[in-house]
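Rule-based calculations on the coordinates, nothing more; no lab input. Note that this is a predicted model, so its numbers are computed, not measured. No Cβ is skipped: glycine too gets one built from the backbone with ideal geometry, and neighbour counts run over all protein chains shown.
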Amino acid sequence: MQIDATDRRLLRYLQADPDLPTADLADKAGLTQATCWRRLEKLRAEGVLRATRAVIDWAALGYTVEVSLRFTLDKTAPRAFDEFLDAARDVPEVTEIQTFLGRVDVRLNIIARDMAHYQQLYRDQILQLPHIADIEALMLVSNIKLDEALPL
């Protein structure tokens, strides 16, 4: 889909403030409210604007430990990837699943209330995932940059 300067302007304002009412967004972008609404609907229909979502501060809810686990899978089983991913989706504390080409096959991002909770998750759920050949754990110390906004 081709987007023009007006669409870019709308997306830039939405990235900065997703809760901006359509009337205010239209005013900032120099559009009528109806035109703004139509353009937003077109961006949604084309799949450019996929969702407006809540960003949750897990630490504020008591989840103070975040760990990135990198897995190498035993790929001798024909459905190793599918079976691993299906099982990983069932772990509620898994907040992100990514697959890769290279030495690492899958990365899971996991949150836990504290180290005791993480150890329990690791023993009772993570080590039970199928087809694991190797695991590398990276404990998050701090987020230096966490930004999904694109330069529009």
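Tell me the angle of helix 33-45 to the major Cα principal axis of the chain, expressed in degrees between 0 and 90 and rounded to the nearest ten.
So the helix axis and the longest Cα principal axis differ by about 30 degrees.
Given +1 on the Cβ of Lys and Arg, -1 on the Cβ of Asp and Glu, and no further charges, what dipole in debye does the stretch 5-45 carry about its Cα centre, rounded to the nearest 20?
My answer is approximately 260 debye.
Please report the net charge: other residues with Cβ closer than 10 Å to the Cβ of Gln125, K and R +1, D and E -1.
-2
For Asp17 and Asp74, compute 0.36 nm times the residue count separating them, minus their Cα-Cα distance, and round to one decimal in nm.
Length gained between Asp17 and Asp74: 16.1 nm.
When the dipole is taken about the Cα centre of the chain, and only Lys, Arg (+1) and Asp, Glu (-1) are charged at their Cβ, what size is it in debye, to the nearest 20?
500
First check a/c for the stretch 43-119, with a ≥ b ≥ c the square roots of the eigenvalues of its C-alpha gyration tensor; if it is under 1.5, answer rounded, and if not, answer prolate when a/b is larger than b/c or oblate otherwise.
Cα axes put the stretch 43-119 in the oblate bin.
Can you tell me the 0 to 90 degree angle between the C-alpha axis of helix 5-16 and the longest principal axis of the chain, rounded to 10?
Approximately 50 degrees, to the nearest 10.
What list of ³J(HN,Hα) couplings, whole Hz, do you get for the stretch 22-30 from phi and the Karplus terms 6.51, -1.76, 1.60, once you set θ to phi - 60° and write x for glycine and proline?
Those phi angles translate into 4, 4, 5, 4, 4, 4, 5, 7, x Hz.
In the stretch 25-87, which trypsin sites (Lys or Arg not before Pro) are in a loop and have at most 13 other Cβ atoms within 10 Å, using DSSP for the loop call?
Here the sparse-neighbourhood loop sites are Arg50, Arg53, Lys75, Arg79.
Could you pull out every one of the aspartates and glutamates with an alpha carbon less than 14 Å from that of Lys28, ignoring same-chain neighbours closer than 8 positions?
Asp7, Asp17, Asp19
I want to verify the translational diffusion coefficient of the stretch 5-45 in µm²/s; compute it with Stokes-Einstein, Rh as the Kirkwood radius over Cα pairs, at 4 °C and 1.567 mPa s.
132
Using the Cα atoms as the points, what is the convex hull volume per residue of the chain in Å³?
Residue-normalised Cα hull volume stands at 159 Å³.
Let me have the relative contact order for the chain, percent, based on Cα pairs under 8 Å that are six or more residues apart.
Once normalised by length, the contact order is 26 percent.
Using 0.36 nm per residue of separation minus the Cα-Cα distance, give me the extension gain between Ala45 and Thr64 in nm, one decimal.
Going from the current span to full extension adds 3.1 nm.
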